[in-house]
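Comments concern the structure below.
The values are calculated or read from the model by the stated rules, or taken from the named source; none is laboratory data. Quantities reported herein were computed from a predicted structural model and do not represent experimental measurements. Using ideal geometry, Cβ is built from the backbone for each residue, glycine included, and neighbour counts are taken over all protein chains shown.
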Amino acid sequence: MYSIKHLGVALLILLLAGCAGQSGGSQGDDLFGEYGGEEAAAATAGTGADEGIPAGSAFGEGGESVVAGPSASAENRLIYFDFDSSEVREQYRELLAAHARYLAANPAARLRLEGHADERGSREYNIGLGERRAQAVRNLLLLQGASAEQLSTVSYGEERPAVLGSDEEAWSLNRRVELVYQR
Amino acid sequence: MGRGRHRWLAALACAALLAFSGMAAAELRIEISEGVEKAVPVAIVPFGWEGELSAPADVAGIIAADLARSGRFAPIPVADMLQRPTAGREVDFDDWRILGVEYLVVGRLLPAGEDFTIQFQLFDVLRGRQLLGYRQPARRRLLRATVHRVADMLYEELTGVPGVFGTRIAYVTVSGGPDARHYRLVVADADGENARVLVDSPAPLMSPAWSPDGRKLAYVSFERDHSEIYVQELRSGARQRVSARRGVNSAPAWSPDGRYLALTLSRQDGNLDIYTLELATQLLKRLTRHPAIDTEADWSSDGRWLYFTSDRGGGPQIYRIAADGSGRPERVSFEGSYNARPRVSPAAEQLAVVHNDRGNYRIATIDLRRATLQVLTDGRLDESPSFAPNGETLIYATRQGNRGVLATVTVDGRIRQRITALEGDVREPAWSPFPAN
């Protein structure tokens, strides 16, 4: 009984894998897509270890250095937000400036900004909040030297929480933008 | 060109396979958590069956369960019945008056070639009078669905409101751990039976929306790492990607004539606005143009207006704009700091919304004529209201402990049900239109 069920699941996974590969391939001649060449990289999103591109390091005004770019620690690739707000807190300005300097120094680097919201309220409105947060980060990076074709945004709203739970702590960890360097 | 076409066919085939895989469907369990104080006692007598083998369906059992789930009727147990007539002329009304039964249903399931006829009569017990008598043909394959249709006829005769037992619910389930999530788009009968998986994806699925003829669903999928809108035929499973523009592609809603989708796009500038898309021509029309978030539109029943959420005034509130894009948006919600996700009632000048009630997110209705708001639910994180096609009941997503479950509440707030899946979270219910005849 169980093995049959597992076989079914395995088949479905294979099938899905086939479909995913297939639809990825058709992206280029998508009638309705506005995704150009640079977006094709998004199909192979990954945050794997850096190869070849030297890690940039920046010096903060406060004297403490932060590491930006693909080899930045997970903590340095996360921007958290207040409830119902897309304002980037002062504490992240220097970190984002460092990422912008990395992008300016590495024109081939591509950064995907993934915006998220906490679980409260309407799901579609939360897609809006996540997008607005990703755009706020994007605008700061552009102001500080990154170029538009290096940056893409996506909003997952409340659909991909980092932390499960329905309390202030979980919510504050889920209101975020993740900086995902593309390879 | 030839290659592109080949890929498109392959995509269709994949979608169709997914549609037919239909396995591991999340079964639903429905309980009435709160009913009317005085549900009307009724008797649904086991239907006669004269076929050779055992009866192919418990017709009376399905009808009784439907009527009981409505919360308005209390079918008496079969064991209490003093007689079991299967036709009107066999009924002794005194036997039912003693039991306090107000309405009585008797009938027979008759073989008709390969198929069946459901013959039934509804009686007012006090007056000893027939209210409804009908012979309903039923295809073998659709027997259960046809019995729900019979329950709908009985319900309408007794309440004056069309029944929704023959309708369906679409919803999204999520199961598996953080690294092995399964998002499934499922369609089940209104009684939770017959659940079928339409899409199974490792990436989020959102916002299912029924076409007005009940044959297609539009939904949002992140399967290619960004949001895209698909339209999928229920029967064949064939699907079409209708919007994969740069940025957000979200919140599809069908126009009442089925020709247009309202949707939310962010395009190049990252700013969410409301658009309409004519499906036959792919003609896109922008309706709002504002730096605020404008999203999750729904059409008025006459197709003239789109109601949507916008935070142009600070927090999210409900606005409406003419569907042809003329004029300026006008605000229609005024009570409270958070009103979002409007859904237009098919029956009255009323919206259902998600409303922040002293820190709790709850389902409320807004009377559009009087601009008054009534909170209907008492959860902390209620969302995604959807009207039954008769406008009498709302289905919505809520929490039971840490699990996502569904619940229904009548618009008068009197009858409540809770609907749980056997595993995982259930969310984003969308109630189908009435089935086409």
Under 7 Å between Cβ atoms, at least 6 apart or on separate chains: pull out the pairs that start in the stretch B:139-165 with a residue that is crowded, with 18+ Cβ neighbours inside 10 Å and in a helix (DSSP H, G or I) and end on any residue that is polar (S, T, N, Q) and at pLDDT below 95.
B:Tyr155/B:Ser70
With the requirement that a residue be over 21 Å from B:Arg304 (Cα atoms) and touching a Phe, Trp or Tyr at 6+ places or on another chain (Cβ under 7 Å), what does the stretch B:246-264 give you?
B:Arg246
Output yes when any residue across the stretch B:370-381 is assigned to a strand (DSSP E or B), surrounded by 18 or more Cβ atoms within 10 Å (Cβ to Cβ) and within 11 Å of chain A (Cβ to nearest Cβ), and no when none is.
no
Within the set of pairs 6 or more residues apart or between chains, which connect a residue that is closer than 17 Å to A:Glu131 by Cα inside the stretch A:72-89 to a residue that is among the hydroxyl-bearing types (Ser, Thr, Tyr) and surrounded by 17 or more Cβ atoms within 10 Å (Cβ to Cβ) with Cβ atoms less than 7 Å apart?
A:Ile79/A:Tyr92
Look through the stretch B:280-309, keep the residues that are in a loop (DSSP other than H, G, I, E, B) and of a type in the set (A, V, I, L, M), and return whichever of them is farthest from B:Arg259 (Cα to Cα).
B:Ala292
Please find, within the stretch B:231-254, the residue that is farthest from the other protein chains (Cβ to nearest Cβ) out of those that are surrounded by 19 or more Cβ atoms within 10 Å (Cβ to Cβ) and small (Gly, Ala, Ser).
B:Gly237
Can you name the residue in the stretch A:157-181 that is assigned to a strand (DSSP E or B) and at negative phi and, of all such residues, is surrounded by the fewest Cβ atoms within 10 Å (Cβ to Cβ)?
A:Val180
Within the stretch B:166-198, the residues that are charged (D, E, K, R), under 22 Å from B:Gly71 (Cβ atoms) and outside any loop (DSSP other than H, G, I, E, B) are B:Arg168, B:Asp189
Of the conditions (1) within 19 Å of B:Glu383 (Cα to Cα); (2) within 14 Å of chain A (Cβ to nearest Cβ); (3) part of a loop (DSSP other than H, G, I, E, B), B:Arg312 fails just one. Which one is it?
(1)
Just name the residue that is modelled with the lowest pLDDT out of those in the stretch B:407-437 that are aliphatic (A, V, I, L, M) and not in a strand (DSSP E or B).
B:Leu422
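One line per residue, one yes/no per condition, for (1) farther than 15 Å from B:Pro429 by Cβ; (2) more than 13 Å from every other protein chain (Cβ to nearest Cβ); (3) not in a loop (DSSP other than H, G, I, E, B):
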site: B:Pro342; (1), (2), (3): yes, no, yes
site: B:Ala364; (1), (2), (3): yes, no, yes
site: B:Ser384; (1), (2), (3): no, no, yes
site: B:Leu394; (1), (2), (3): no, yes, yes
site: B:Val405; (1), (2), (3): no, yes, yes
Among the residues of the stretch A:128-140, write down those that are surrounded by 24 or more Cβ atoms within 10 Å (Cβ to Cβ), in contact (Cβ under 8 Å) with a residue 40 or more places away in the chain and over 14 Å from the mean Cα position of the chain (by Cα).
A:Leu129
Please determine whether any residue of the stretch B:218-231 is among the basic types (Lys, Arg), in the same structural domain as B:Asn390 (by TED's automatic domain parsing) and touching a strand residue (DSSP E or B) at 6+ places or on another chain (Cβ under 8 Å).
no
How many of the residues making up the stretch B:197-215 are charged (D, E, K, R) and either crowded, with 20+ Cβ neighbours inside 10 Å or modelled with pLDDT under 95 (or both)?
1
Per the filter on the stretch B:279-302, residues in contact with a strand residue (DSSP E or B) (Cβ under 9 Å, 6 or more places away or on another chain), more than 10 Å from chain A (Cβ to nearest Cβ) and over 15 Å from B:Ala244 (Cα atoms) are B:Lys285, B:Arg286, B:Leu287, B:Thr288, B:Arg289, B:His290, B:Asp298, B:Trp299, B:Ser300, B:Ser301
Checking A:Ala146 against (1) under 20 Å from A:Arg183 (Cβ atoms); (2) assigned to a helix (DSSP H, G or I), which test does it fail?
(2)
Scanning the stretch B:315-335 residue by residue, those of a type outside the set (D, E, K, R), in contact (Cβ under 8 Å) with a residue 12 or more places away in the chain and either part of a strand (DSSP E or B) or surrounded by fewer than 17 Cβ atoms within 10 Å (Cβ to Cβ) (or both) turn out to be B:Gly315, B:Gln317, B:Ile318, B:Tyr319, B:Ile321, B:Ala322, B:Gly325, B:Phe334
Scan the stretch B:358-367 for residues that are buried (at least 20 other Cβ atoms within 10 Å of the Cβ) and of a type outside the set (Gly, Ala, Ser) and jot them down.
B:Tyr361, B:Arg362, B:Ile363, B:Thr365, B:Ile366
